[in-house]
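The values are calculated or read from the model by the stated rules, or taken from the named source; none is laboratory data. As the structure is a computational prediction, the values presented were derived from the model and not from experiment. We place every Cβ from the backbone using ideal geometry, glycine too, and count neighbours over all the protein chains shown.
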Amino acid sequence: MRGTILTSFVIEHQCPRCGGPAELEETDRLFRCTFCRAGSYLCVPDFFRYLLPHKAPAGKELLYFPYWRFKGMLFCCVPGQIANKFADVSQQAIVSHHFPFSLGFRSQTQKLHFASGACEGLFLEPHTAKADMLAHLNTNFSAKLPKPILLSAQIGETYSLLYAPFYLESRLMDAILNEPTASGTAEQIEPLLQRAQAPDWPVTFLPTLCPQCGWDLDGEKDALALSCPNCATTWMAEGRQFKQLDVLHQPNPRPGVVFLPFWRIEADVDGLILNSYADLVRVANLPRVVQPEWENLPFHFWTPAFKAQPQRFLAIATQVTASQPREEIATGQPPGPAYGVNMPAQEALESLGLILAFSVKPRPRMEAIVRNLRVVLRRSILVYLPFVEGPHELIHSGMKLAVSKSLLSHARNL
Ligand SMILES: [Zn+2]
Ligand SMILES: [Zn+2]
């Protein structure tokens, strides 16, 4: 795989209210202006597109070449093992040997901007779709693994398109370094210029005001769900507006309780009957004797709605799914401090096959089940589960689940 570590980068922009300068991290969604205090929530229809700044001489027409940027954990279930690998790469979104194969360190030393309508230049249209990019990453990852590939999934990923600036003299010039690229004459580049597109990718800055009562919504800067401290509602951006999110919680009157958010997911799994807790015990071959009342306990997948290091994320999801929290569940926001939601349900859906892969025993049986597995989301709902805070861990005694506090803080940098 050609590509270089990008880690994370900084995006420069301006407050939509007062024009004050601001810097964002890649995972930031909620932005609060340090000048006018106005809160905005960043929305795009699909994914973020960024520009690398150029140092081209004045008057040069810039052409922007797209690179896919992917950062996340790849999982691959093959006979005998579930392999994983962290990937942090940039790769060409147009296959061309005239342009650098990856961004290298360019995006680490530069402050990026949103690629939007106001940008001038010729934007080359990507030839490689996001799905192709992921397939390519998975192919490279699985090249040395045993075959067949039973299941591939990505967890905790961010992906975006980064546009790097170039311009033409007699040769193709790198407009960041202001020097010729290793290959590429103007004539060789010309055919690519036929497929350019306008940078019609607006970033919407939604004011963070509660649609129900007008109060300022609360959330961490990477929050996907915002809460209203005034009318106790929860909101999630959808398109260019906030939609109210149904929220449940498991009450716990003990002092020192903090709540962690989970997605409780109803999904159809092709070829498997997974309607009740009893079904799960049978499918996964859990070391438990099926009790008659378990036939009536509905089965749900459970995944963290917070980011965690991917192996730990899957271990927690597998454990909570095996436990099927079934104490009383109440509607509404939890009555106490809660961790923020920064893992989307859609992405959590990717992990369901892996949860089965980790749950089902013995291995040959698991391999038969996850091969060609198809999972279709029916419904997901946000549920806050109560944990008692210890010095280093948050503990849910009912499930005997401990989540390390450092896991929660480190995961922010994923
Ligand atoms: Zn401002
Ligand atoms: Zn409100």
Problem - Flag for Gln14 being within 15 Å of ligand 1 (Cβ to nearest atom), modelled with pLDDT of 90 or more and not assigned by TED's automatic domain parsing to the domain that holds Arg365 - result: yes
Problem - Set Tyr277, Tyr339: member being free of Cβ contacts under 8 Å to residues at least 60 places away in the same chain and farther than 24 Å from Pro79 by Cα - result: Tyr277
Problem - Search result, residues across the stretch 33-52 that are surrounded by 15 or more Cβ atoms within 10 Å (Cβ to Cβ) and more than 26 Å from Leu349 (Cα to Cα) - result: Cys33, Ala38, Gly39, Ser40, Tyr50, Leu51, Leu52
Practice task
Quickly run through the stretch 212-264 and pick out the residues that are touching an Asp or Glu at 6+ places or on another chain (Cβ under 9 Å), touching a residue at least 40 places away in the same chain (Cβ under 8 Å) and under 30 Å from Ala22 (Cα atoms).
Solution key: Lys221, Asp222, Leu226, Ser227, Thr234
Handout entry: strands (runs of 3 or more DSSP E) enclosed by the stretch 19-102 - at least 2 residues per element that are assigned by TED's automatic domain parsing to the domain that holds Ile155 and within 16 Å of ligand 2 (Cβ to nearest atom)
Key = 39-43
Handout entry: Scope the stretch 386-403; condition surrounded by fewer than 19 Cβ atoms within 10 Å (Cβ to Cβ) and under 13 Å from Gln324 (Cα atoms); matching residues
Key = Gly398, Met399, Lys400
Problem - Odd one out for Pro211 among (1) part of a loop (DSSP other than H, G, I, E, B); (2) at pLDDT 95 or above; (3) buried (at least 17 other Cβ atoms within 10 Å of the Cβ) - result: (3)
Exercise for the section: Looking only at the stretch 237-246, decide whether some residue is part of a loop (DSSP other than H, G, I, E, B), under 17 Å from Arg32 (Cα atoms), hydrophobic (A, V, I, L, M, F, W, C) and away from ligand 1 (no atom under 16 Å from the Cβ). Expected result: no
Problem - Total residues in the stretch 350-382, condition farther than 15 Å from Asp270 by Cα and either part of a loop (DSSP other than H, G, I, E, B) or in the same structural domain as Leu150 (by TED's automatic domain parsing) (or both) - result: 4
Practice task
Would you check if there is a residue in the stretch 130-137 being in the same structural domain as Phe86 (by TED's automatic domain parsing), touching a strand residue (DSSP E or B) at 6+ places or on another chain (Cβ under 8 Å) and among the small types (Gly, Ala, Ser)?
Solution key: no
Handout entry: The one condition in (1) more than 16 Å from ligand 2 (Cβ to nearest atom); (2) out of contact with any Phe, Trp or Tyr (no Cβ under 6 Å at 6 or more places or on another chain); (3) not basic (Lys, Arg) that Pro16 fails to fulfil
Key = (2)
